[in-house]
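Structure first, then comments.
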């Protein structure tokens, strides 16, 4: 829905630029899901599945090779933390951009090449960032600096929980933006050149509100024998973007904050 808000804000001013942004953002929002299972029926989810397979087949091997050859780090290519991290989405962006730029240069007219490619790559960046922001709010969370640091950031939302009012609020906020921005465009009560900026602000506010309401917590724990602990039930786990240091009676440090 955040992507739709951005499209509505950009489309009235430059439709040629808005379409690549929309396509790139939709792709970027799906590319990190390398563990997506094959859809039982042939529908639009097949396209999402193909994009996820592209990441796993084309991007992850390159990312793993860079980690191994440059940093000396061996990773499991099937581990979702590879693509649900800041280094991971940078790698996906670079691989996708390298693959797209050549056919775009050959197929697109010179007048459209620069604007279309810029919009498409910008859309991919937005989609990847929104994907991380959305997963950050869930209980599984993300490991933003994997494989360089084991820090885990997670929220308290279960996406399938229909009784969680925060999900309803999230959709309501987007709905208001989807109604309000076109209303401002059509009424002429807001300067047209400022509409894209308004769309970006609305998108950031909606996403930021969701993160704020999801009780985000930060866990600093090593990937060792303690990794199998039930972090959600750990009494040393802290909320509100704070991480506290804990020491027991014998001076031991909580594995989640050491």
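Below is a table of values for the structure above.
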| read-out | value |
| --- | --- |
| Tally of residues being at pLDDT below 85 and within 17 Å of the chain's Cα centre (by Cα) across the range 207-245 | 0 |
| Subset tally (residues that are within 20 Å of residue 130 (Cβ to Cβ) and out of contact with any helix residue (DSSP H, G or I) (no Cβ under 8 Å at 6 or more places or on another chain)) for the range 63-84 | 1 |
| Selected residue (only one of 92, 101 is surrounded by 13 or more Cβ atoms within 10 Å (Cβ to Cβ) and in contact (Cβ under 8 Å) with a residue 40 or more places away in the chain) | 92 |
| Residue 158 being in contact with a helix residue (DSSP H, G or I) (Cβ under 7 Å, 6 or more places away or on another chain), in the same structural domain as residue 80 (by TED's automatic domain parsing) and surrounded by fewer than 20 Cβ atoms within 10 Å (Cβ to Cβ) | no |
| One residue from 10, 34 being within 28 Å of residue 171 (Cβ to Cβ), over 20 Å from the mean Cα position of the chain (by Cα) and at pLDDT below 90 | 10 |
| Criterion (in contact (Cβ under 8 Å) with a residue 24 or more places away in the chain and assigned to a loop (DSSP other than H, G, I, E, B)) met by exactly one of 51, 73 | 73 |
| Residues located in the range 56-70, provided they are without any contact (Cβ under 8 Å) to a residue 40 or more places away in the chain and buried (at least 18 other Cβ atoms within 10 Å of the Cβ) | 56, 59, 60, 63, 64 |
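The values are calculated or read from the model by the stated rules, or taken from the named source; none is laboratory data. In this text the structure is predicted, and so the values were computed from the model without any measurement. So basically every Cβ, Gly included, is an ideal-geometry build from the backbone, and we count neighbours across all protein chains shown.
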